[in-house]
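Bear in mind that the values in this text are calculations on the coordinates, not laboratory data. Being a predicted model, the structure only gives us computed values, none of them experimental. Note that we place each Cβ from the backbone using ideal geometry, even for glycine, and neighbour counts take in every protein chain shown.
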Amino acid sequence: MHNKYHDILKRHGFSNAGTVSVKEFVFHKSFYEICATNQCGKYNTNWSCPPGVGEYEDLVVRLKAFEQALVVQSVWTIADSFDIEGMLESGLKHNAMLRALTDELYPLLGFGARVTLSAGACGLCQECSYLRGQSCPMPERAFGSLEAHGVDVGALLGSCELKYNNGPNTVSYVGVILSDAFASNS
């Protein structure tokens with residue numbers, strides 16, 4: 001776990017964390033394109049998923065503008081591999097933990113650029129302003145979707161020596177915080 005932020009990450013309940021150079025990110029346009037199949041029901045409904053999030057190429061350029069990223073992971077016990085309700089509930093808990101973490105961590109990172117990515121759609125607002133044709137009212141707090149940005153999460157976890165699969169009857173979620181401050185504080 002990243003030493004400088006170890007206590008903060010543990011306090012917010014993250015099981016694992018690591019830092020990685022953004023140069024090690026692996027991007028696949030296919031992850032972005034899969035969003036159009038709308039298997040999760042979020043396509044064309046919010047600012048963190050396609051098409052609202054923007055064009056794939058622009059998203060990759062946006063992330064590559066950073067040097068370092070903090071990767072956080074939460075691991076949850078579920079009843080079995082068919083426990084969809086447990087998976088969804090764990091995902092909501094993960095994103096709530098990530099939101100609380102960023103609320104505490106962002107002020108410590110200063111005023112530089114920063115981006116937070118997580119699993120799936122943002123979920124900050126009860127109904128996304130995208131559906132009303134309005135801009136995001138809180139872009140500084142909104143989360144982007146790892147999938148929509150084409151990030152290969154398995155490769156990302158491998159780059160910072162974290163496991164993708166954490167054992168039977170578990171589900172793991174990942175969040176990424178990119179900040180100019182990580183490069184200067186590494």
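In vacuo Debye scattering of the stretch 1-100, one point per C-alpha: log10 I(q)/I(0) at q = 0.14 Å⁻¹?
Values returned for q = 0.14 Å⁻¹ are -0.76.
Work from the charge dipole of the chain (Cβ charges, +1 for Lys and Arg, -1 for Asp and Glu, about the Cα centre) and give the residue of LEU70, ASN166, ASN46 farthest towards its positive end.
Most positive-ward Cα: LEU70.
Can you give me the convex hull volume of the Cα atoms of the chain, divided per residue and expressed in Å³?
116
Among the aspartates and glutamates, which fall within straight-line cross-link reach of LYS10, defined as a Cα-Cα distance under 19 Å, with same-chain neighbours fewer than 8 residues apart omitted?
Within the straight-line cut-off, LYS10 pairs with ASP103, GLU104, GLU161.
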